[in-house]
Structure formats: structure tokens, C-alpha cells
There are 2 protein chains.
Amino acid sequence: MKLTISKNELNDAIQQVAKAASVRPAIPILGGIKFDVTHQGVTLTASDTDISIQSYIPAESDEAVIAKVDKPGSVVMPAKFFVEIIRKLPAEDVQIEVGDNYQTMIRSGSTDIQMVGLDPEEFPVLPSIEENEVLQLPGDLLKAMVRQTVFCASTSEQTPVLTGLLWNLAGGELKFVATDRHRLASRISRVETPDGYRLSNVVIAAKTMVELSKLVPDGGGLVDIVVASNQVLFRLGHTLFYSRMLDGTYPDTSKIIPQTFKTELVLETRKLIDAMERAYLMSREEKTNIVRIVTLENGTIEISSSSSELGRVTEQLEVIRQSGEPLRIAFNSKYMLDTLKVIDSEQLVISFTGAMSPIIIRPADHDNSQYIILPYRTTN
Amino acid sequence: MKLTISKNELNDAIQQVAKAASVRPAIPILGGIKFDVTHQGVTLTASDTDISIQSYIPAESDEAVIAKVDKPGSVVMPAKFFVEIIRKLPAEDVQIEVGDNYQTMIRSGSTDIQMVGLDPEEFPVLPSIEENEVLQLPGDLLKAMVRQTVFCASTSEQTPVLTGLLWNLAGGELKFVATDRHRLASRISRVETPDGYRLSNVVIAAKTMVELSKLVPDGGGLVDIVVASNQVLFRLGHTLFYSRMLDGTYPDTSKIIPQTFKTELVLETRKLIDAMERAYLMSREEKTNIVRIVTLENGTIEISSSSSELGRVTEQLEVIRQSGEPLRIAFNSKYMLDTLKVIDSEQLVISFTGAMSPIIIRPADHDNSQYIILPYRTTN
């Protein structure tokens, strides 16, 4: 294998795929980036077996030569050092030449690097996914849906399926759900699908969805999504992102969402965030993060928190609209803040069915997202 | 004590003094910020007994009212929570009122905070320093001198005095020295001093000098410095910074600096940094960070490093001027990089007296700074 390639193009592709290389690989090959070089272009692949990322650099693009291939071939390079050194090479081009036993020479300007590559035959084979049905999502929508749900996924490995994001798709409506049993996020969107296309119990690790989000460029572009039996493939331009699905059946969360409410408050999102941040600072001193909301007679609510050592914060906040019964409820302020920060409307609605029942939060001007927080059962 | 004060002015002063409050105080009072309020203004103080910072907010400035004092008095507030909550208060003004037993009410807009203050009588007394002789340094010069030396101070508590920065001043020349026994930085500057003013063996903890540097605003202003028997006071506008001196006698480092050299190289600083960074990446894989320089016949040097697992990086670098004998030497690339990054000239001079002798690095166009790195004793 021998080629000369643009440093910047190579660096961009390497930065993308390197996210799938194991940081502490069980076997060295899983900490590598595989090069497959043909006269048409260069394919880079990294895989930790849970996720795999593949990026393709065409030899020519818009008549500009990106890579000049003298001899096709394959090799696996250790990712960690390789990722850092390519970025710091002095010239605009990099020459890579693989000799016997995968002895590799990398040359750029007056820099010579000798490295020992690994046998590409030992590299994990990517899942083969038949592209019968392709779902297309706008990249910005996918990023938003991930950001607005993923923080509710569990971080405990006790119930692995809850560390994932649930995808459901039926009747042209895509729904993401995440829950750690204390709180729940649900986000829906109308999407265009192939006729009769459905997805159910597709669960992808939350941290994988976050990594994928980072690869999706801001502002436009469609992401192709192909769901196979236990793998999902995301295609973004020249980059392919494969993720294993999580095993297990995601719990049915529809039952825990109350349908009738005793109290509803419409509040200004920004003002509630500010007040909640101050209350959070005090509540954080007690590990429980408990904050209380009490409705007052004068069209305001009181938000308060206290710490036995430090003292007490009390906030008065104007209510835009209130309906139903007076209320007194306690909850985890960190959970509330996480939720408020992803609300994409200037006003929001908080609905209560009592001090012991789930709190529902949603934007005031649309029904696309809904959040649930379980209250604390306190005596006062 | 009762006053109403501008949130922004209070916040600025608190952020400054809070750096001296203990993060994990042995007794609660050392994790506090003391308020001393008079009709003239508000003095804030924090102290972990090693360093103390005091900031003064005048009640009026340029005819604008910053603080309206209803009742003078003193109190100590727990720093950590206080620092964070003041920044997040909703209104432009903050009212602080201290009642019986230091029960404190903080009000801003619709936010009420009750806190338990501490007895100001228990707060450490600041050192009293007689201002007989005041040394004045331009703030930018002080920051530069700290940045260009402090990285060579020891981080090991085995010889506490070496964790400090040595100040020497004689004949109007101020000199900073730092060394961890493997490398040494020395930086001098002509300064204006009171007649016959001298300093010797004044050693201030390197991390204290870094904290002080952060308080010095960029671009102008003089810092007043008063050296007492075991304390140094730095005055920056309305802020006083007290530091304890380190005990012990700083070693005499003048003897380890070679006076004659066998080889001298003049190199471009930026190109050497780039080449050294690449060599460092490989050397880092072996914990020793060993990099080698060899002079070649053709007016270049070869910089190389290798790792038994990964391979080898070889760099060719043009020499601008070379004098003396051919050379082959090995050293710690991290130490070299730290030094190169504070060289403030486009070209530098590296001087050698042999493979086992200290390496001297200095800017090519002035003699104000000088760096020493001890080589590795290797067999090849």
C-alpha cells in the first residue's frame, strides 16, 4: 500500500472515525484505524464492536486530487498516536507507505515516522446491513430530538436497556423515549417514511446517540437510517455510523403518564430556570437536591430550598395562568433544571395530580415534547 | 450591619477575594468571606492563612452610589455558596442585613436568602506590614516574569523551598529563579527601586504567584509590592494580596550554569516547537519522554524519539547558525517544550558543553531569560 494524501482531508476523516476506536482496547486491533486503499479512494474504519464508524475519502473530488494512490492495499494503524501525529504534520500532503510485516513509513515535509501497523485481516468485520428500507431524517431534527431526551436515560448498568434511547415509529410519527425510573423524556415528530414503515423496541445506547449527534453537521443535510435485526446504520455523506441495538424489552411507559390534572401552571421558562438555579444551589448542599413549590393566593408561586447548615432560599415567581387546586410539592431540582434547559418555548406548562403523583412539564405552544419527574414523598 | 449594594461591584470583589478562601477549611471560618462595612465602603477579606486577599468597594465612586450603608458592622459568610448565589441574583442591587447571632438576610428582586453568618472576631487577623519601602512593578512585566519561570518550580513537597519562586533584587535588577533540580528558569529585569533597595532569599510559593498573576489586569497599571520579614503584600488598585514567604534557604544555583560552551545552535523557535511536539508525542509513549538531538554535516539537526511499541519519529531541522563541535544529546522533551513555549523571540540559542552537561536555552535577541535542562545520561 502506498499513497500521497491531503493532510487536512485525512485528518478530518480520522477525527470522525477515531471516536469508535477503543480507548483501552481488549486486543490491540480494536484500538486501531483500518485503511483500505483503492485507486478510487481511501476507506477508514474504526470499531469497538459496539459502534463502528467508516469514512470514505474519494481520490478525486470536483476535479481536485485528494489522494494519489501508487499501490492499493490495507493496514491497521494504532489510533491514539496516529490521530495526534497526523494533525501536527508540517506539510500539506502526507505520504504513507506500508512495507513487509506492516512496517509503515509516514512522510510529510522533513518529518519521517516509522510505525508498526497491524494485520487488517484481524480487524472486526462490519455488520452487513441490507438497505431495503431507508428512513431519512433532517440532521438538525435528529440532533434536537436526541438533546431533548437523552439526559433522562439511566446511567446505571443495573437495567441495561434503560441506558438507551427508545425509538418508536408508527403512522409516520417518530417517538424517542428515555427514562431512568425517576424521570422520563418523550419527544415526537412527524417524519416521512416508506409506506407502512414501523419501528418498535429499537433501543440505542444514549451515549452512542450523543456520539452520533456530534458527527451530524449543524444546519441541514439528511441522515439516512437503516434498521436491521440488531444493528442500526446511520449514513451522513461519506460517513457510515453503525450501532448495535441494546438487548432487552423497553418497559411500557405509557401507563405512568397521568391523563387528568388537579393543578396546572403556565410559567415563563427563562424566569423559572433562573429561580430554580438559585434554589438548586442551596438544595445541592443537602445531597437530595430537594426543592419545594407552593402556590400562593396572589397569583404567584413560592419556590424554596433549605440546607440545615447554610440556610434557606425563597423565590417568588409570577404565574401567567393557573388552574385547579392549590398545591405543595417537593422534587429533585437537578432533574427539573435538566428538563427546563431543553424546553424550546418561552412559556411552559407544569401539571400536577397531587403531591405524590408525577409532575408533567411541556412547552406551552406545542405537544411535541413531554417530561415527567417523580416528586419526593416528604412529610411537610 | 445593613446595606444595599450593586450586585456587579459586589460580585467582582467577591470573585477576587474568594480565591483565598479555603476549599476544604480546617475550621469553617477559613472557608468564609469577611464583610467589614462602614459608611465609607465595604471591605471583603478571605484568608487561608497562607494567602489573604482583601478588596475594598467604596460607597461612592465618581459620584455614583455603589453601596448605601444603613448600619455599619461585620460578618463572615460561607464563601462557596455565597460566591455562586450572588452571581445569580435577579436584580441589580442586593440588600444584606445581619440580625442577632449573625442571622443574615440577602434580598434581591423576588429572591430572599436566609443564611447563618459566622462571628467576624474569629476571622484570622491580616499581617500588619509597615509600608516603609514600596517597590513598584508594571503589572504586565510581573505577569510575564511569573509565566516565564513558574513552570520550573518543583511540585514535590520534599524540599518545600523549591516549590517557590525566588526573588532577588540588587543594583536595580530584579531576578526570578525557579528550579525542580532537573531544570531551571531565570528571568531578570531592570526595575526602578528606592535607593539601595535589595531583596535576597525572598521565596513565594509558585502557585501563589500564579494566583496573583490572575488578579493582575492585562495592559497596564502598577503593582505596589511591600516586603516584610515573612510576608509580602501586593497592592493592585483596591485589592490587597498578602502572601506568606516560604521558609528555608534557596540553594545557590549560580554554580550549575556553565560559562563556556562546546556547541551552539541558533534555531527558529516556532519550527523547533513544531518538531519537538511531534517528537514528544512518540516519546510520551515511553514514560521517560526521551528525545535526541544530533547535529548533521549538512547544516541541519536531527531530532528523534522512539517507542518500542509504536515506532520512531525523525525530524530534520535547519540550523540558522552553528558553532563548535558536532553533538549528540538526549533530554526530556516535555521539559524542552515547556521552555520553548515561553521563549519570547523568533530565534533562540541552545548551548551545550557535552552530552552529560546542562543544556542552556535563551532567546537570540536578549539576555533577560535563561533556561537550563539537565540531559539524560544514555549510552547510545
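Can you tell me the equivalent ellipsoid semi-axes for chain A? Use √(5λ) from the Cα gyration tensor, largest first, whole Å.
Over the Cα atoms of chain A, the ellipsoid semi-axes are 50, 23, 18 Å.
May I ask you to list the GluC sites (Glu not before Pro) in segment B:268-370 that are in a DSSP loop and have at most 16 other Cβ atoms within 10 Å of their Cβ?
For GluC sites (Glu not before Pro) across segment B:268-370 that sit outside H, G, I, E and B with at most 16 neighbouring Cβ atoms in 10 Å, the list reads B:286, B:297, B:309, B:346.
Starting from a label point 7 Å past Cα on the Cβ side, list the distances from residue B:62 to the same position in the other copies, nm, shortest first.
5.0
Can you list the copy-to-copy distances for residue A:136, using a point 7 angstrom from Cα toward Cβ, in nanometres, shortest first?
7.2
Mind jotting down the distance between the C-alpha centroids of segment B:35-73 and segment A:144-190, whole Å?
A separation of 51 Å, based on Cα centres.
When the Cα atoms of segment B:135-244 are enclosed in a convex hull and the volume is divided per residue, what value in Å³ results?
About 96 Å³ per residue, rounded to a whole number.
If you place +1 on the Cβ of every Lys and Arg, -1 on the Cβ of every Asp and Glu, and leave all else neutral, what size is the dipole of segment A:2-122 about its Cα centre, to the nearest 20 Debye?
That gives segment A:2-122 a dipole magnitude of about 360 debye.
Counting other C-beta atoms within 10 Å, and keeping those with at most 15, which DSSP coil trypsin sites (Lys or Arg not before Pro) do you find in segment A:141-197?
Taking segment A:141-197 and a limit of 15 other Cβ atoms within 10 Å, the loop trypsin sites (Lys or Arg not before Pro) found are A:181.
Counting only protein heavy atoms and using a 1.4 Å probe, what share of the accessible area of the protein assembly as shown belongs to carbon plus sulfur, as a whole percent?
Result for the protein assembly as shown: 46 percent of the exposed heavy-atom area is carbon or sulfur.
Once the Cβ-Cβ distance between residue B:260 and residue B:157 is put in as r, and R0 is 35 Å, what FRET efficiency do you end up with, to the nearest 0.05?
E(calc), rounded to 0.05, equals 0.45.
Just to be sure I understand the model, the point goes 7 Å from the Cα along the line to the Cβ. What's the resulting residue B:103 to residue B:321 distance in nm?
7.8
GNM, chain A, Cα, under 10 Å: largest mean-square fluctuation among A:114, A:259, A:158?
A:259
FRET efficiency for residue B:23 and residue A:122, Cβ-Cβ distance as r, R0 = 56 Å, nearest 0.05?
0.70
Any chance you could check segment B:114-150 for residues losing 30 Å² or more of accessible area when the partner protein chains are in, compared with the chain on its own (1.4 Å probe)?
SASA drop of 30 Å² or more in segment B:114-150: B:114, B:116.
Say a label goes 7 Å from Cα toward Cβ at residue B:260 in every copy; what distances in nm does this one have to the rest, shortest first?
Label-point separations across copies, in nm and ascending: 10.2.
Where the only charges are on Cβ atoms (+1 Lys, Arg; -1 Asp, Glu), what is the dipole of the protein assembly as shown about its Cα centre, to the nearest 20 debye?
Value, rounded to 20: 1320 debye.
Quick one: check the C-alpha center-to-center distance for segment B:204-272 versus segment A:285-344, whole angstrom.
After rounding, the separation between the Cα centres reads 50 Å.
How large is the Rg to Rh ratio of segment B:2-122 when both quantities use alpha carbon positions and Rh follows Kirkwood?
Ratio value, two decimals: 0.94.
Evaluate the distance, in nm, between pseudo-label points positioned 7 Å from the Cα of residue B:40 and of residue A:211 along their respective Cα→Cβ axes.
That separation, rounded to one decimal, is 6.3 nm.
What whole-number volume per residue, in cubic angstrom, does the convex hull of the C-alpha atoms of segment B:257-373 give?
Each residue corresponds to 94 Å³ of Cα convex hull volume.
Could you give the radius of gyration (one decimal) and Dmax (whole number) of the Cα atoms in segment B:48-188, in Å?
Final numbers for Rg and Dmax: 21.7, 60 Å.
Heavy atoms only, 1.4 Å probe, whole protein assembly: order B:371, B:335, B:102 by accessible area, highest first.
Sorted by accessible area, descending: B:102, B:335, B:371.
Between B:219, B:354, B:41, where does the largest GNM mean-square fluctuation fall for chain B, given springs only between Cα atoms within less than 10 Å?
B:219
Quick one: which bits of segment A:77-97 get at least 20 Å² less accessible when the partner protein chains are in, versus the chain alone, with a 1.4 Å probe?
In segment A:77-97, residues shielded by partner chains: A:80, A:81, A:84, A:85, A:88.
Can you list the aspartates and glutamates whose alpha carbon is less than 15 Å from that of residue B:143, not counting same-chain residues fewer than 8 positions off?
B:211, B:218, B:224, B:344
Counting partner chain Cβ atoms within 10 Å of every residue's Cβ in A:99-110, what's the average?
Per residue, the number of nearby Cβ atoms from other chains is 2 on average.
Quick check for you: with a 1.4 Å probe and neighbouring chains kept, what is the accessible area per residue of the protein assembly as shown, in Å²?
So the protein assembly as shown comes to 46 Å² accessible per residue, rounded to a whole number.
How big a patch of accessible area, both sides summed and in Å² to the nearest 100, lies buried between B and A at a 1.4 Å probe?
Summing both chains' loss of accessible area gives about 2500 Å².
Need the full-extension length gain, residue B:270 to residue B:170, defined as separation in residues times 0.36 nm minus the C-alpha distance. One decimal, nm.
In short, 32.6 nm is gained.
Looking down the axis that turns A into B, which residue of A has the closest beta carbon, and how many Å out?
Nearest Cβ to that rotation axis, in whole Å: A:23, 15.
How large is the convex hull of the Cα atoms of the protein assembly as shown per residue, expressed in Å³ as a whole number?
Per-residue hull volume (Cα only) is 220 Å³.
Find out how many positive minus negative residues lie around residue B:85, taking Lys and Arg as positive, Asp and Glu as negative, among other residues whose Cβ is under 13 Å from that of residue B:85.
+2
Which residues in segment A:201-225 place their backbone N less than 15 Å from a point set 7 Å from the Cα of residue A:252 along the Cα-to-Cβ direction?
A:201
What lysines does residue A:2 reach when the alpha-carbon gap must be under 27 Å and sequence neighbours fewer than 8 apart in one chain are set aside?
A:19, A:34, A:68, A:71, A:80, A:88
Of B:73, B:98, B:186, which is farthest on the positive side of the dipole of chain B, counting Cα position, with +1 on Lys and Arg Cβ, -1 on Asp and Glu Cβ, and the Cα centre as origin?
Value computed over the given set: B:186.
In debye to the nearest 20, how big a dipole does chain A give about its Cα centre with +1 on each Lys and Arg Cβ and -1 on each Asp and Glu Cβ?
Taking the Cα centre of chain A as origin, the dipole is about 1260 debye.
Please give, to one decimal in nm, the separation of the simple spin-label points placed at residue B:366 and residue A:131, each 7 Å out from Cα toward the Cβ.
Here the modelled spin labels are 6.2 nm apart.
What is the average number of partner chain Cβ atoms found within 10 Å of a Cβ in B:279-286?
3
Sequence gap of 8 or more, or different chains, plus Cα separation below 23 Å: how many lysine pairs satisfy both in segment A:208-359?
Final tally of qualifying lysine pairs is 5.
The values are calculated or read from the model by the stated rules, or taken from the named source; none is laboratory data. No experiment lies behind these values; they were computed from the predicted model shown. Virtual Cβ from ideal backbone geometry, glycine too; neighbours counted across all protein chains shown. When the accessible area is computed, the model is the full protein with side chains, heavy atoms only, and any ligands, DNA or RNA have been set aside. Shrake-Rupley method; radii C 1.70, N 1.55, O 1.52, S 1.80 Å.
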